[in-house]
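Chemist: This is the structure I have questions about; it appears just below.
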Amino acid sequence: MREKMPPFRKKKSSKSFPVKVCSLDAELEFNLEWKATGRELFDLVCRTIGLRETWYFGLQYEDSKGLISWLKLDKKVQYQSIQKDDQKTASFMFLAKFYPEEVAEELVQEVTQHLFFLQVKQAILSMDIYCPPEASVLLASYAVQAKFGDFDEDTYKPGMLASEDLLPQRVIDQYQMTIDMWEERIRVWYADHRGMSRDEAEMEYLKIAQDLEMYGVNYFSITNKKETELWLGVTALGLNIYEKENKLQPKTTFTWSEIRHISFDDKKFIIKPVDKSSPNFVFFSQKVRMNKLILDLCIGNHDLFMRRRKPDSMELQQMKAAAKEEKQRRQVQRNRLAKEKQLREEAEREKANMEQRLLQYQEDIRLANEALRRSEESADLLAEKSRVAEEEALLLSQKATKAEQEMTKMRLNVMRSEEERVTLERKTREAELLTARLVEESERRALEANKLKDELLKARTAEKLAKEKLLDFLNRGRYGGSVASSPLSSVTNLYSNQLTASYQSDLQAIECCDPMGDITIAAYDLVLGCGGTEQDPLSLEMEKERVEYLQKSKHLQNQLVQLRSEIEVLKVGEKQSELDHIHDEQIKMGENKYSTLKKSKSGSTKSRVAFFEDL
């Protein structure tokens, strides 16, 4: 008998569907196979961006109910209630799901550091992570260094940073300070970071950000048995319990090493301590899906917590060794570039000096030519005066001759006529006086003519000496120029032979930890265990770098205290939030993130559970 066909036939699905993955760094688009799992999509994204430290990240999406969820890696993508847009495209956000305990020691790849930098920066600017004003300015200076490079006074213009999103709006609103005033304080610290590369600036940013109280904490609204509203914080070190109005100071903390088993039943979440004599730690959430997310984060953070306390795998050791070699290679390259830059600056300074000397030589030649021209004009003028004096002396001599002739004629006329004797005598005396004056004037003119001739002779001699000095100066300038040009050409040739180097990283994708499935009642046993304590040379070197960082951080703390005191007088009291007041109280009491955590972990597990239930 033929088998009866079903009343309807399931419609065939397409072989692939579009997927858009967005991160804070880039946007990727894929055509994913319809039967692909979350692991395949996640590995595809990691391979595309060259990420090997995949255990920190995940794909976040908004489900059909509008709730935020993380993509399950062991389940097919099409069965995970992913909301699609009008183009039937599934959208995901590639984000850090888990945080390291110590960024400088754990983050190996630059791409990992960059993704954490972008996410933490966005969280601080969007005020998801509380950051005090003075620390915000310091973090902004590192962000500017990472984006723009070294501070350059020649290219920097006031207002250049005004268009950048550098400070949380909460910080800007709380002080009577203009954007220019904030920019000036950022610029002062920005100028101190000269010589720091982008990856170094981003790492310094993360080192400071990891000390913030809300860094790396996933908050969930819970209640205890007395239905007191509290916050549960899931971190890389364990679970924190906060009061509803205070997300900065945990009231108590349970580390992963103190937890043996975690499970949930509907909205009830149960945590069993390692100390079996201690009561279970029980709290209640608002939704079952929240408990699933809490369990997922607890599993992932606990796995990483135990992984850090075991010897590094061979793959991680290779990654750290490769990162160390790459860091050393880049340091050598930066030193070489700095040396070449110094040589270039010296060459430019030498070139400027030679150009200055050339201009000085040209000015000296111009002045010498001007002096020679004036000497020639003076000689011509003296020659003209000498000629005029000679002509005047000749004219006076002719006048004197005529006067003598006239006097002779007058004497003859006196001899002819006695009557005219008196007149002639008078005229003779007058003529004699006139003749004497003319003779005297002629002699004076002759003396002046001789004096002008002497001056003309001296001017000719001075002109000859000036010409000889000019020729000697030009000869010395020519020999000096040929010698001075040699250093410039050698330095210029050295600068023109600059070398550049590039590198390529061999990036391979690795498998990540398997998350839990979509279940209503789930449980997870936390297997405790630690590896050996032997430290390899790389760990010792990291410890040495950590000590150097602590010494440097002391100087930064002093700068932060100074900036805090400077802007304290400009604070607007009514715009302070509750977190600001709590942070100020912590500062007055000399507490920080780590002292608060240490205090909250004091006491036995039993007493802390009892304290939680009594809140």
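The values are calculated or read from the model by the stated rules, or taken from the named source; none is laboratory data. Quick caveat: nothing in here was measured; it's all calculated off a predicted structure. Using ideal geometry, Cβ is built from the backbone for each residue, glycine included, and neighbour counts are taken over all protein chains shown. Calculation scope for accessible area: heavy atoms of the full protein, side chains included, ligands and nucleic acids excluded. Shrake-Rupley method; radii C 1.70, N 1.55, O 1.52, S 1.80 Å.
Chemist: Roughly what would the spin-label model give for Thr228 and Thr461, points 7 Å off Cα along C-beta, in nm?
Modeler: My value for the distance between the label points is 11.5 nm.
Chemist: If you don't mind, there's one more thing I want to ask. With a point put 7 Å past each Cα toward its Cβ, work out how far Lys267 is from Asn335 in nm, to one decimal.
Modeler: It works out to 6.4 nm between the two label points.
Chemist: While we're on this one: Rounded to the nearest Å, what's the spacing between the alpha carbon centres of region 381-459 and region 51-130? Just the number, please.
Modeler: 121 Å
Chemist: Between Gln398 and Gln362, what's the calculated FRET efficiency when r is the beta-carbon distance and R0 is 60 Å? Round to 0.05.
Modeler: Computed FRET efficiency for Gln398 and Gln362 comes out at 0.65.
Chemist: Provide the net charge surrounding Glu404, with neighbours chosen by a C-beta distance below 12 Å and charges set as Lys +1, Arg +1, Asp -1, Glu -1.
Modeler: Details: positive: Lys399, Lys402, Lys409, Arg411; negative: Glu406, Glu432.
Summing Lys and Arg as +1 and Asp and Glu as -1 gives +2.
Chemist: Fully extended, how many nm does the chain gain between Gln286 and Glu29 (0.36 nm per residue separation, minus their Cα-Cα distance)?
Modeler: Going from the current span to full extension adds 89.0 nm.
Chemist: Grab the Cα-Cα distance for Glu578 and Glu406, subtract it from 0.36 nm times how many residues apart they are, and report the gain in nm with one decimal.
Modeler: Going from the current span to full extension adds 49.0 nm.
Chemist: Using the Karplus curve 6.51 cos²θ - 1.76 cosθ + 1.60 with θ = phi - 60°, work out ³J(HN,Hα) for each residue of region 120-131 in order, rounded to whole Hz, and write x for Gly and Pro.
Modeler: 5, 4, 5, 5, 5, 5, 7, 6, 6, 10, 6, 9
Chemist: Gain in length, Lys324 to Ser378, computed as 0.36 nm per residue apart minus the alpha-carbon separation, to one decimal in nm?
Modeler: Difference between extended and current length: 11.5 nm.
Chemist: Turning to a different aspect of this structure: Cut-off 16 Å, label point 7 angstrom out along Cα-to-Cβ of Glu102: give me the residues of region 222-237 whose amide nitrogen falls inside.
Modeler: 236-237
Chemist: Continuing with the same structure: Please work out how much accessible surface Cys22 shows to a 1.4 Å probe, ignoring ligands, DNA and RNA, in Å² rounded to 10.
Modeler: The accessible area comes out at roughly 30 Å².
Chemist: Could you pull out every residue, at least 5 positions away or on a different chain, whose amide H is within less than 5 Å of the one on Leu32? Hs are placed 1.01 Å off N in the peptide plane, and Pro or chain starts have none.
Modeler: Phe17, Val19
Chemist: While we're on this one: How far apart, in nm, are the 7 Å Cα→Cβ label points at Asn592 and Gln562?
Modeler: In this crude label model, Asn592 to Gln562 measures out at 1.8 nm.
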